[in-house]
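Step one of this worksheet: look at the structure below.
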Amino acid sequence: MKSNLPRQARPRKFQNVIGQDLAVKLLHNGLKRNLLGNVCLLHGPAGVGKTTLARLIAQWICCEKHVDDEPCGECKGCVDCMNGTHPDVFELDGASNTSVDSIRTLLDGSIYKPVVANKRVYIIDEVHMLSRSAISALLKTLEEPNDYIQFVLATTDLDKIPKTIISRCFRISLDSINKDSMQSHMTNLADQYGINISASAIKIITLSSYGSMRQAIAVLEQAALLFDNKVNDKDLQKMLGLTSDDNLQNIIKCIKENNQLSLKQLIKQIISEGSDALNIIRQILFELRQLGNVSEKDIALGYMLAQSSVELHQSPYPEEILDLHLAKAAMIYAISPDSMRDTQMHTVSSNAYSKSIDIQVNAMPNELKMNKDVNVDNKNVELNNTKSDSSADAKSDKGKDNIGNKDNIENKGSNDKNSNDKDSADVSLRKLAYDMFNKN
Ligand SMILES: [Zn+2]
């Protein structure tokens, strides 16, 4: 394998950029018709091709003989661009050069005409990281740029760019790379660089990269180096802190059977084998998304896990949080269908569910809200029958949901004649929650 795979694999032509068809077409047409303006702003998630496109713009401008509407890749202009030595191309990383002095130094020569190309090209990466005074200095140049200046700005955080800058830019939005495009590109790269890797291992790389091509290529290179160009699923899962498919299926089985003891033992074993707590949640969520028929309980499980992944990410004790959340998730499968139906959960379609697990959702059944809002000392017990019809109602109930002592719960449960199944499910769940909080 050649060294530095991400650099070697960087596309040298617009047609070779993966997974950004609309952005590339817009950019390419803008360049061909000279309609790009003096300032172009590329924005999108990390590792999806912003720097690649910025450098392709520079190469297009510096190329001495275009071939098939692409930079030829062979002339001196192209070669100098690819080597980073072209006298008319200037690049600044805004993340590590945030000061006004860096911008002033970069723009010092902008009053002069280009040396060999038609334009001087200024590429500023992570432009949102520049200091306020650096942005002001940049804005001054952007307000009245010379015709022979081309700015290409790139950012992962558009919201942090002042509107005064954005309004002067030709904006191009880049998306995360879709799984199919990424898998096909990874397969081609593996063939090209002599890496022996299975289709399922490529799938694992794709899923663990969350739409970032740079991340996927870096993982492929790392695995090839670590395992001597022979990458199998097991080694790769270990390297990435993922658990095996068998373990994953067993976790889901334990959750669905509400088998708390086996679940706890399994998680302990998986963590001791080196798997990462957050990755386990993400793997379960991914498995849930693959289900054809999603039950109401699967939806509730998805909500819970999506919420817990946010908490895990921020916690200094991810393994303990994982333990607790999976135990809570398993309790969902102990609730009667009637109890589930009385929440707003049943109105969520499978399609909405698939999308919903990417975001944090507050609409939980009240019986599952037992984190910070639980007050076990409160003697004035009131069982909440969770009849809220909207997420707004569910939110307004947050903080009022109290779990009382066992006797009070049983009394209340037996006195209510209209909701036998539901209340018994509520009571058993609340007993479990009460025991769990008392133990901890
Ligand atoms: Zn060329």
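What follows draws every value from the coordinates through simple rules; no lab data is involved. Since we're looking at a predicted model, the values are computed, not measured. Counting neighbours? That spans all protein chains shown, and the Cβs are built from the backbone with ideal geometry, glycine included.
Can you give the translational diffusion coefficient of segment 20-173 in µm²/s, computed by Stokes-Einstein from the Kirkwood radius over Cα pairs at 4 °C and 1.567 mPa s?
83 µm²/s
If I take R0 = 41 Å and measure r between the Cβ atoms of Ser272 and Asn83 in this structure, what FRET efficiency does the formula 1/(1 + (r/R0)^6) give, to the nearest 0.05?
With a Förster radius of 41 Å, E is 0.25.
Using a 10 Å cut-off on Cβ atoms, rank the peptides 218-230, 310-322 from the highest mean neighbour count down.
Going by the mean number of other Cβ atoms within 10 Å, highest first, we get 218-230, 310-322.
Among Lys25/Lys230; Lys50/Lys230; Lys50/Lys163, which pairs are too far apart, with a Cα-Cα distance over 26 Å?
Violating the 26 Å limit, Cα to Cα: Lys25/Lys230; Lys50/Lys230.
When you count, for each residue, the other Cβ atoms within 10 Å and take the mean per peptide, how do 124-131, 40-47 rank with the highest first? Don't skip to the answer; put the middle values down first.
Numbers: 124-131: 22.4, 40-47: 20.6.
Packing proxy ranking, top to bottom: 124-131, 40-47.
Subtracting the Cα-Cα distance from 0.36 nm times the residue separation, let me have the gained length for Asp93 to Gln290 in nm, one decimal. Present the calculation step by step, with values, prior to reporting the outcome.
Details: separation 197, 0.36 × 197 = 70.92 nm, distance 3.97 nm.
Here the segment from Asp93 to Gln290 would lengthen by 66.9 nm.
What translational D, rounded to a whole number of µm²/s, comes out for segment 297-338 from Stokes-Einstein when the hydrodynamic radius is the Kirkwood one over Cα pairs, at 4 °C and 1.567 mPa s?
D, rounded to a whole number, is 121 µm²/s.
Would you please state which residues of segment 241-262 a label at Ser198 would reach in this model, taking the label point 7 Å out along Cα→Cβ and a backbone N cut-off of under 12 Å?
Under cut-off, by backbone N: 245-246.
Distance in nm between label sites at Thr105 and Asn229, each 7 Å beyond Cα in the beta-carbon direction?
Each label point is offset 7 Å from its Cα along the Cβ direction, giving 4.2 nm.
Could you list the residues of segment 203-228 with an amide nitrogen less than 19 Å from a label point located 7 Å from the Cα of Asp245 in the Cα-to-C-beta direction?
The answer is 203-209, whose backbone nitrogens lie closer than 19 Å to the label point.
Test of understanding: ordering Arg282, Arg12, Arg33 by Cβ neighbours within 10 Å, fewest first, what list do you get?
Arg33, Arg12, Arg282
Quantify how much of the Cα-Cα distance distribution of segment 210-309 extends past 19 Å, in percent.
Percent of Cα pairs beyond 19 Å in segment 210-309: 50.
Thinking of segment 179-240 as a set of Cα atoms, what percent of all their pairs are more than 14 Å apart?
45 percent
Any chance you could run the full-extension gain for His313 through Asn178? It's 0.36 nm times the residue separation minus the Cα-Cα distance, nm to one decimal.
Result: 46.2 nm gained on full extension.
Within segment 163-216, list the trypsin sites (Lys or Arg not before Pro) lying in a DSSP loop whose Cβ has at most 14 other Cβ atoms in a 10 Å radius.
none
What full-extension length gain, to one decimal in nm, is calculated for Leu22 and Ser262 as 0.36 nm per residue of separation minus the Cα-Cα distance?
81.5 nm
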